1. Taking Cα centroids, how far is region 30-56 from region 171-227 in Å?
2. Express the accessible area of region 4-148 per residue in Å², computed with a 1.4 Å probe while the remaining protein chains stay in the model.
3. Can you list the residues, at least 5 places off or on another chain, whose amide H is less than 5 Å from the amide H of N211, using H built in the peptide plane?
4. Anyone know which of I265, I215, I119 comes out most mobile in the 10 Å Cα GNM of the chain?
5. Which whole-number value in Å³ per residue fits the convex hull of the alpha carbons of region 142-183?
6. So what's the net charge close to A24: Lys and Arg +1, Asp and Glu -1, counting the other residues with Cβ under 14 Å from its Cβ?
7. Give me the net charge for the shell around K213: Cβ to Cβ below 14 angstrom, other residues only, Lys and Arg +1, Asp and Glu -1.
8. Cβ under 13 Å from F137's Cβ, F137 left aside: what net charge do those residues give with Lys, Arg +1 and Asp, Glu -1?
Amino acid sequence: MDLKKTIIEVFKDVNSIKEEGALASYIPELANVNAKKFGVHISTLSGMNFGLGNFEEKFSIQSISKVLSLCLAYQMLSGELWNRVGVEPSGTAFNSLTQLEKDRGIPRNPFINAGALVIADILLSNLADPKRDLLTFIRGLSGNQDVNYSSKIASSEKSIGYRNVALCNFIKCFGNIKNEPEEVLDFYFDLCSIELSCQDLSALFLFLANNGKTIQGNKQILLPSKTKRINALMQTCGFYDESGEFAFKVGLPGKSGVGGGIIAIHPGQYAIAVWSPQLNAKGNSYKGMKFLEEFTTLSQLSIF
Ligand code: GLU
């Protein structure tokens, strides 16, 4: 299978389809992104790196960073993590408040906003300087020392972050946030604001295709048993209320963000990142979903 040829073909096809969807303009700064951007980059365990379109351009990875904060927390903690956050798809919107009441402040999974706030709280309790330590972790994995938070995007989101403020306070009242909500929220907005390119993303996430070990440096980031569980969570909860659809059509563990990025992993084979900022009704990149569906169909490289 000539993967480069397949990517070129699928990129051309998807690039020519009519634009659909909308920018995530509820975060004011994200309304300024050029909606026409489209990039893809693949990194394989066999050492191939290949990108097309705007694959070198940084964008706001938003919820994709929730996988990275979870990995960092999971490095330090084991089973006790799952007492604070569940492992079930939520079946509700990523920023929903309703389930939390019934579930007494234990979010359904670490990728909905409520779950990511609890993970942010865990990092605040366990790291000396969580903001610096998360960045060091991401820079190390991507091999790119220029990776950074965007204070512009973080403060833009903070200016309208009423729902996340409500979520954090609500969880706090059940005792599942240990630090001050304001501190947790600031760290949460920062981690959502991280900017990476498709090239950075596929390089960074390749360890999840490699039993938790980096290719360069052969460093064990997560135990294989923990890596399997991160991939399982991405498979079942990585695409908001469209996770079933993504498994059905694409067949890879992955995670999307409202910045229009998607990372998808084929354990034992590759990591692939796509970016196109216009989102479908479920909040996933319209073209990104189309690209990955056609890519796994033509390459026959899904996990199913
Ligand atoms: N920072 C975004 C929010 O909390 C993340 C949303 C996302 O990418 O799913 O609304």
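The values are calculated or read from the model by the stated rules, or taken from the named source; none is laboratory data. Keep in mind it's a predicted model, so treat the numbers as computed, not measured. Cβ atoms come from the backbone with ideal geometry, glycine included; neighbour counts cover every protein chain shown. Surface areas here come from the heavy atoms of the whole protein model, side chains and all, with no ligands, DNA or RNA. Shrake-Rupley method; radii C 1.70, N 1.55, O 1.52, S 1.80 Å.
1. Their Cα centres are 20 Å away from one another.
2. Per residue, region 4-148 has 44 Å² of solvent-accessible surface.
3. For N211, the qualifying residues are G268.
4. Taking springs between Cα atoms under 10 Å, the residue moving most is I215.
5. Hull volume over Cα atoms, normalised by residue count, gives 106 Å³.
6. Combined, the nearby Lys, Arg, Asp and Glu give +1.
7. Net local charge, K213 excluded: +3.
8. With Lys, Arg at +1 and Asp, Glu at -1, the neighbours total +2.
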